[in-house]
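Just so it is clear, none of the values below were taken in a lab; they were calculated from the coordinates. Bear in mind the structure is a predicted one, so any value in this text is a computation, not a measurement. Glycine gets a Cβ as well: all are built from the backbone with ideal geometry, and neighbour counts include every protein chain shown.
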Amino acid sequence: MAGHERMGDSLLRQHAEAPGQGDSVVVDSRALKTPLVTAKFSREPKDTLKLNATCAEGAVSPYQPRPPSQPRLSSKSCSVEENLMTRRLKNSQESLSDPTETGSSTDSLKEDQAALVPGTLVLRGAATIRNNNKDSDVRPVSAVTRGSPVFRDRGRSLSEYERRPTSQQSDPVDHPVRPAKVRLTPVQPTGTLPALEKSFATLRAANRIDRDCLDYAVLAREKHGERLHRNLSDSRLLENMGSDSASVNSMRSNYSVLSPIRPQDVRNRSFLEGSVLGSGALLGAEELDRYFPDRRLGIYVATWNMQGEKGLPSNLDDLLLPTDSEFAQDFYIIGVQEGCPDRREWETRLQETLGPYYVMLYAASHGVLYLSVFVRRDLIWFCSEVEHATVTTRIISQIKTKGAVGLAFTFFGTSFLFITSHFTSGDSKVYERILDYNKIVEALALPKGLPDTNPYRSTPSDVTTRFDQVFWFGDFNFRISKDRVDVESIINRTVGENMGPLLEHDQLSKEIKEGSIFKGFQEAPIHFRPTYKFDVGCDIYDTTSKQRTPSYTDRILFRNRQADDIKVVKYTSCCGIKTSDHRPVIGVFQVKLRPGRDNIPLGAGQFDRGLYLEGIRRRITRELKRREAMKNQGSSTICTIS
């Protein structure tokens with residue numbers, strides 16, 4: 001009882017130092033070893049003081065902060081002080097009072113005030129609030145604020161605000177208290193959603209969000225009861241977003257879209273002796289189906305006799321990217337006969353036309369015969385090392401104008417051979433051209449280090465039997481055995497694209513039927529006019545004194561080990577390129593692919609990087625010049641459009 005009397009005397013002395021009607025004093029009951037539940041003070045008209053207290057065991061802690069003595073504040077000053085306190089709470093605790101930021105800071109205070117009973121004085125550490133319909137005074141006591149249960153988690157933010165300069169603090173008069181925001185419930189569908197036709201598994205990378213945004217981890221920890229002081233405005237939008245399980249797992253568990261690899265698989269897997277059906281094989285069925293679900297590869301083949309001209313066409317889009325094609329292809333194979341003197345310039349122009357989506361996998365030459373292979377850069381990792389070989393058909397081997405150059409590589413488990421050649425010219429030299437063909441198929445030394453994918457069907461005397469898919473194209477120089485006048489008459493009488501009457505006199509078609517050349521090869525139906533020989537720069541056939549007969553000298557033929565592995569999509573000529581006496585011939589094919597083994601020597605993603613950078617630089621320069629020309633044309637004073 002002596003301890004209670006001393007405590008009561010202390011409270012009386014503090015009350016006597018600041019007399020005033022309606023004054024209230026608060027003692028933090030949490031700091032008392034003897035819990036002081038409720039204390040009520042009231043002043044009678046005759047300045048008598050009545051004390052009602054409920055006590056228990058314990059004593060007052062010596063470290064308990066006490067409110068300083070303050071004079072009575074006028075009603076006006078109390079109102080300003082109350083607004084100041086409310087504004088401080090609003091600025092420093094706004095994002096903490098509502099984890100979803102949908103309510104103002106006053107909402108948390110309303111929850112505390114709702115528990116008060118009119119006419120009672122609750123002992124709290126932040127301030128004494130007398131809940132009265134007529135009078136409500138708030139006395140902020142910073143020394144006690146830190147112990148308040150309302151601000152237990154917010155004391156740090158409040159003290160940081162108090163340490164700011166006066167100029168950076170908010171004016172309580174200029175900024176009224178913001179009302180609570182209204183949060184709308186998410187709209188739910190009225191009926192069942194339609195079934196999706198495609199699997200979401202292919203969208204793992206499409207819906208990924210930057211992993212630097214850690215809101216997903218914040219939401220997960222908050223569900224376990226942990227309060228984190230973060231702005232979750234972005235995450236609030238994601239709460240109502242519908243997403244598939246594949247994309248969510250990709251966002252949360254993987255650092256990339258690649259499938260995770262277990263350490264045990266890394267220990268046991270040997271990538272030198274892979275299996276065609278093995279799940280870990282880089283060239284196996286699983287990887288093939290990921291990139292080519294229908295196991296069909298798009299190949300674009302172009303052959304052109306350039307006539308050795310130094311000047312190249314200003315634009316090669318018509319040659320490689322015709323407007324009548326819906327999609328670009330996976331591989332671009334370009335063979336040139338009598339190429340321009342600057343081979344590097346020609347390859348750079350090809351790279352400039354195809355742009356950054358493609359890289360030059362390999363290029364080879366034999367004199368003025370050029371052969372270039374471009375591939376989509378996404379697919380370069382599945383290409384083997386590229387091998388090439390050349391054959392000359394001239395008696396004097398130093399003159400390399402006639403002959404062939406071949407390129408061979410393996411893509412997944414399918415081996416490819418591309419040959420471009422230039423046979424002997426002359427209307428009547430059919431036998432010499434057959435000899436050229438026989439020499440090439442016997443002397444072309446391919447493959448060298450690449451494994452034969454089907455050695456049981458290979459013939460040592462014929463290079464074309466050692467590969468799964470073979471494309472042979474070039475200037476074969478086979479002519480039409482008919483007079484010039486008769487040929488022109490047939491062309492003029494031809495209705496539409498029916499070139500059958502003209503092809504009846506084609507030397508190459510006749511020799512293929514007889515089996516003397518291109519054994520096992522096929523050619524798509526021809527529905528275009530003869531590509532030889534034109535006057536340069538126009539669509540008129542030879543008007544010189546020789547009056548050469550229009551002929552189909554430029555051809556693309558193909559053969560495959562398995563029937564129907566190659567499907568022809570397009571076979572036509574390019575009439576927009578007129579810088580030579582030949583018109584380019586292009587063919588688009590869909591080729592069947594098969595999975596391969598990991599023992600195939602891969603090319604390790606190598607390509608001509610210098611050529612790639614130069615081609616991209618030229619594209620940028622060309623685009624800047626085009627924009628500058630359009631800008632100058634728009635600002636011209638000679639011709640204006642209003």
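Results, tabulated for the structure shown:
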quantity	calculated
Distance cut-off 23 Å, percentage of C-alpha pairs in region 274-408 lying past it	43 percent
Stretchable slack from Cys538 to Arg622, in nm (0.36 nm times residue separation minus alpha-carbon distance)	27.6 nm
Amide N of region 460-486 lying under 20 Å from the label point, which is placed 7 angstrom from the Cα of Ala443 along Cα→Cβ	460-466, 472-478
Pairs from Lys439/Lys513; Lys310/Lys533; Lys510/Lys592; Lys510/Lys533 whose Cα-Cα separation, in the structure shown, is over 24 Å	Lys510/Lys592
Cα principal axis extents for region 425-553, largest first, Å	50, 30, 30
Label point at Leu321 placed 7 Å out along Cα→Cβ; residues across region 373-392 whose backbone nitrogen lies under 20 Å	373-380
Burial order of peptide ranges 446-458, 516-528, 536-548, 590-602 (average beta-carbon count within 10 Å, highest first)	590-602, 516-528, 446-458, 536-548
Estimated distance in nm for a label pair at Glu497 and Leu613, the labels positioned 7 Å out from Cα along Cα-to-Cβ	4.4 nm
Protection proxy ranking of 349-362, 502-515 - average other beta-carbon atoms within 10 Å, highest first	349-362, 502-515
For region 557-612: rounded, prolate or oblate by the Cα gyration tensor [a/c cutoff 1.5]	oblate
Segment Ala629-Gln547, length gained on full extension (0.36 nm per residue, minus Cα span)	25.2 nm
At R0 = 56 Å, FRET efficiency that the Cβ-Cβ distance of Asp483 and Arg290 yields, to 0.05	0.45
Order by protection proxy (mean Cβ within 10 Å, highest first), peptides 480-489, 320-329	480-489, 320-329
Cut-off under 5 Å, modelled amide H: who pairs with Ser415 long-range	Asp468, Gln469
Tail fraction, Cα-Cα pairs, region 526-583, threshold 17 Å, whole percent	47 percent
Residue-span extension gain [Lys519 to Val187] - 0.36 nm each, minus C-alpha spacing	112.7 nm
Relative contact order, percent, region 541-596 [alpha-carbon distance under 8 Å, six or more residues apart]	31 percent
Rg over Rh [alpha-carbon atoms, Kirkwood Rh] for region 397-462	1.04
Label-to-label distance, nm, for residues given as Glu504 and Lys567 (7 Å Cα→Cβ offset)	3.3 nm
Neighbour cut-off at most 14 other Cβ (10 Å), DSSP loop, trypsin sites (Lys or Arg not before Pro), region 356-444	Arg394
